[in-house]
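This report refers to the structure that appears directly beneath it.
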Amino acid sequence: MAVIVWSDEFLIGHADLDQDHRALIAGINAIGLALDEARPNAEVIAEIDRWLAAFTIHIQAEEHMLQFLTLPPGRSHRVQHSKGHAEFVHRVQALRRAVADGTVAPGDMEQIGTFMTLLELIRADFEMLGHLRREGVLRPDGSLAVPA
Ligand SMILES: [Fe+2]
Ligand SMILES: [Fe+2]
């Protein structure tokens, strides 16, 4: 069973980031499937590593844009958002260790799914786009108004 069923409610309104999010959700489902099918640990870990590599690129893109926020609400958002990314990486690394140790608990994948949808997408990224547009880092058409 899929950990997260994609819904257009997850779209935040930025084409590149939305595409990343779709792929990241597919990656979480691939990890969940590998666990459900009790595939060898090395294969599950390979799925996790693929996901971590993709997420690292994704958050670098977000954090690049966040660095151009200069107003106090934007700066405070940047701190919280970056903390959220670090916490998410930490959780997925904990899952990776649990897979290696054979101690994955029921509910671990649901927690990862919740983190992805409720915290990363719905809270942090929606809010981020608002700050980026308000401060002119992103143009109304979604293109970047600062150096890439
Ligand atoms: Fe994101
Ligand atoms: Fe984010």
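What follows draws every value from the coordinates through simple rules; no lab data is involved. On a predicted model such as this, the values are computed, not experimentally measured, just so you know. Cβ coordinates were reconstructed from backbone atoms using ideal geometry, including for glycine residues, and neighbour counts include every protein chain displayed.
So here's what we get for this one:
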| quantity | calculated |
| --- | --- |
| Every residue from segment 101-116 that is away from ligand 1 (no atom under 11 Å from the Cβ) and in contact (Cβ under 8 Å) with a residue 12 or more places away in the chain | GLY102, VAL104, ASP108, MET109, GLU110, GLN111, ILE112, GLY113, PHE115 |
| Those residues of segment 122-142 which are away from ligand 2 (no atom under 11 Å from the Cβ) and within 26 Å of GLY27 (Cα to Cα), in sequence order | GLY142 |
| Criterion (away from ligand 1 (no atom under 13 Å from the Cβ), basic (Lys, Arg) and buried (at least 18 other Cβ atoms within 10 Å of the Cβ)) met by exactly one of ARG39, ARG78, ARG50 | ARG78 |
| The one condition in (1) touching an Asp or Glu at 6+ places or on another chain (Cβ under 8 Å); (2) without any contact (Cβ under 8 Å) to a residue 24 or more places away in the chain; (3) under 22 Å from MET128 (Cα atoms) that PHE68 fails to fulfil | (2) |
| Boolean, LEU119 is in contact with a Gly (Cβ under 9 Å, 6 or more places away or on another chain), closer than 30 Å to ALA42 by Cα, within 11 Å of ligand 2 (Cβ to nearest atom) and in a helix (DSSP H, G or I) | yes |
| Pairs where the first residue, in segment 123-139, is over 12 Å from LEU71 (Cβ atoms) and among the small types (Gly, Ala, Ser) and the second is within 10 Å of ligand 2 (Cβ to nearest atom) and part of a helix (DSSP H, G or I), C-beta under 6 Å, 6+ apart | ALA124/HIS81; ALA124/GLY84 |
| Hits in segment 7-32 (condition: surrounded by 14 or more Cβ atoms within 10 Å (Cβ to Cβ), free of Cβ contacts under 8 Å to residues at least 24 places away in the same chain and either farther than 23 Å from ILE122 by Cα or not acidic (Asp, Glu) (or both)) | LEU11, ALA26, ALA30 |
